[in-house]
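Below is one structure, written out as C-alpha cells; comments come after it.
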Amino acid sequence: MSNMDALLSEDQRMVRDAARTFSQAQLAPHAAEWDKLGALPESAVKQMGELGLLGMLVPAEWGGTRTDDLAYALALEEVAAGCASSATLMSVHNSVGCVPILKFGTPAQQQHWLPRLVTGEVIGAFCLTEPHSGSEAHALKTRAVLHGTGAEAYWVLNGSKQFVTNGERAGMAIVFAVTDPALGKKGLSAFIVDTSTPGFTVARKEAKMGIRASDTCAITLDGCRVPAANMLGQAGEGLKIALSNLEGGRIGIAAQAVGIARAAMDAAKAYAAERLQFGAPIEQHQAIGHMLADMHTRLNAARLLVHHAARLRTAGVPCISEASQAKLFASETAEWVCSKAIQIHGGYGYLEDYAVARHYRDARITQIYEGTSEIQKIVISRHL
Ligand SMILES: Cc1cc2nc3c(=O)[nH]c(=O)nc-3n(C[C@H](O)[C@H](O)[C@H](O)COP(=O)(O)OP(=O)(O)OC[C@H]3O[C@@H](n4cnc5c(N)ncnc54)[C@H](O)[C@@H]3O)c2cc1C
C-alpha cells in the first residue's frame, strides 16, 4: 500500500483493488497478443461489463456502478496498466457513450439504451471528428435533413466520420451533424444511431501505431435514416452536447496515461533489478537509479493532478482547467516515462519482445485524443 492510499476512501480502494486484480489477471497477460492481433476478444469486453467497468458514470437506478469520479479514474488507471486498448474502449464507452444519454436523453432514450450500455451488452461510440474537422470540432460537413412530420418524421444523415473508437464493435453511436447550416456552431445536432441502421457503414478500420487492439474506424453515413425521436437533446444543441463531458473525458485519458506509464515504470524497475552489467544490477549505477527516481516522481505528480481534478469534479467544482492540466501533464509524462523505460532496457527495450516498446506506442495517443496537448494549453491559458 502506497502512502497515497491513505487519502482514498474505503469504497475507492475497493473499486481500485477489484479493477487491479481483474486487469492483472485477465488483461495484462494477453495485451501483447491482442496488440499483434489488432483486436480485443468479446470475452474480455464481457468480463469488463460483468465487473461494472462499463457503467461507472451511470447511477444505480439505471443499473450502473457510479460512485465518484476518482473511483472511475482509479479503475481506468488499473485497466490501462494491464491493457491500454481496453482502457480506450472503457473510456470512450463510459464518458462519451453513456454520459450524453444520461445527461441529455429523454426518459424513453435512457430506458432504451442505458441498461444495455452499463452491462456492455451494447458498446457505445462517439462520432464527432471528420476528415476536415479535428481540433476545430465544430467545422462539420456531415448533414442531417428532416423528412416527414409528426410520428413519421425522420432525419437522413450523409457524411464521413473519422477516427471513431469502438467503430466496429459499437451497437450505438452518437453522431453529430449539421441540421441548420445558416446557424454555424448553433446549427449542429446530435443523434443516437443504432449502428445496424442501413447507411451506417464501417468504411475502414485504421492500422495504428499503438492501442492497436482498440478498433478505430472511418464511418460512412450514406442515406442513414434516423427516426426524429432519436435526436439527442434539442436541435442546435450538438456542440453543447459534444463538449459537455470534456472535464470527465480528459480526466479519464489522463488516468489512462498514468496507467500506461506505471506499467512501463514497473517493467523498468524489475529489469533494472535483474540486469547485470559491470558486476552489479544496473539499478545500482547512479544514472539508472536517478532515472528511476525521476520517473517515479513525475508519475506521482501526474497521478496527483488526476486525483485533484477528479476530486473537484466529484465535489461539483468547475475544473475544466484542472482537467486539462491533468491531461496535458499526464500524457506528456507518460511518453517521457515510457521512453526512459526503454532506455533502461537498453537494446532489449527496442524489441517488441519486451512490453515497454508497446507501452511507448500506446502512450503516444494520450497526447492526441480528447484534445491535443496544444489544445489543452489553449484551455489552460484562457483560464489563467
Ligand atoms: C486512435 C484515435 C482515436 C480517436 N477516437 C475518437 C472518437 O472516438 N471520436 C471522435 O470524434 N474523435 C476521435 N479521435 C479524434 C481525435 O480527437 C482528433 O484526432 C484530435 O482531436 C485532433 O484532431 P486532428 O487529428 O484532426 O488534428 P488537427 O486538429 O488537424 O491538428 C493537427 C495539429 O495542429 C495542432 N493544432 C490544431 N489547431 C490548433 C490551434 N488552434 N492552435 C495550436 N495548435 C493547433 C494540433 O494540436 C496538432 O498538433 C480519435 C483519434 C485517434 C488518433
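Readers should treat all values here as calculations from the given coordinates under stated rules, not as data from a laboratory. This one's a predicted model, so the numbers in the text were calculated from it and none came from an experiment. Here the Cβ positions follow ideal geometry from the backbone for every residue, glycine too, while neighbour counts run over all protein chains shown.
What separates the Cα centres of region 124-181 and region 261-323 is a distance of 39 Å.
Partners of LYS340 within straight-line reach, counting aspartates and glutamates whose Cα lies under 14 Å from its Cα and excluding those fewer than 8 residues away in the same chain: ASP266, GLU283, ASP294, GLU332. Rg/Rh for region 236-384 stands at 1.08; both radii use Cα atoms, and Rh follows the Kirkwood definition.
Centre-to-centre separation between the Cα atoms of region 15-40 and those of region 48-103: 15 Å.
Taking 0.36 nm per intervening residue step and subtracting the Cα-Cα distance, what contour gain separates VAL202 from HIS383 on full extension?
Numbers: separation 181, 0.36 × 181 = 65.16 nm, distance 3.88 nm.
That pair, VAL202 and HIS383, stretches by 61.3 nm at full extension.
Rounded to a whole number of µm²/s, how large is the Stokes-Einstein D of region 3-119 at 20 °C and 1.002 mPa s, given Rh as the Kirkwood radius over C-alpha pairs?
Values: Rh = 14.6 Å.
Answer from the Stokes-Einstein relation: 147 µm²/s.
In angstrom, the C-alpha Rg and Dmax of the chain are 21.1, 81. As a ratio to 2.2 N^0.38 Å, the alpha-carbon radius of gyration computed for region 124-236 takes the value 1.04.
For GLU130, nonlocal amide neighbours, meaning residues 5 or more places apart or on other chains whose placed amide H falls under 5 Å from its own, are GLN162.
For the set LYS141/LYS327; LYS141/LYS205; LYS161/LYS208, the pairs lying more than 26 angstrom apart at their alpha carbons are LYS141/LYS327.
About the Cα centre of the chain, how large is the charge dipole given +1 on each Lys and Arg Cβ and -1 on each Asp and Glu Cβ? Please answer in debye to the nearest 20. Provide the component values of the computation, followed by the final result.
Details: 35 positive and 37 negative charges, 131 e Å.
Dipole about the Cα centre, nearest 20: 620 debye.
Per 0.36 nm of contour for each residue apart, how much would the distance between ALA108 and ASN158 grow if the chain were fully extended, relative to their Cα-Cα spacing?
Values: separation 50, 0.36 × 50 = 18.00 nm, distance 2.55 nm.
Full extension from ALA108 to ASN158 adds 15.4 nm.
Hey, what number do you get for the chain at 222 nm if only DSSP H runs of n ≥ 4 count, each worth -39500 (n - 2.57), divided across all residues, to the nearest 500? Mind dumping the intermediate values first?
Values: 13 runs with 180 residues, N = 384.
Helix contribution divided over all residues of the chain: -15000 deg cm²/dmol.
In order along region 279-294, the phi-based Karplus estimate (6.51 cos²θ - 1.76 cosθ + 1.60, θ = phi - 60°) of 3J(HN,Hα) comes to x, 8, x, 4, 4, 7, 7, 4, 4, 6, x, 5, 4, 5, 5, 5 Hz; Gly and Pro are listed as x.
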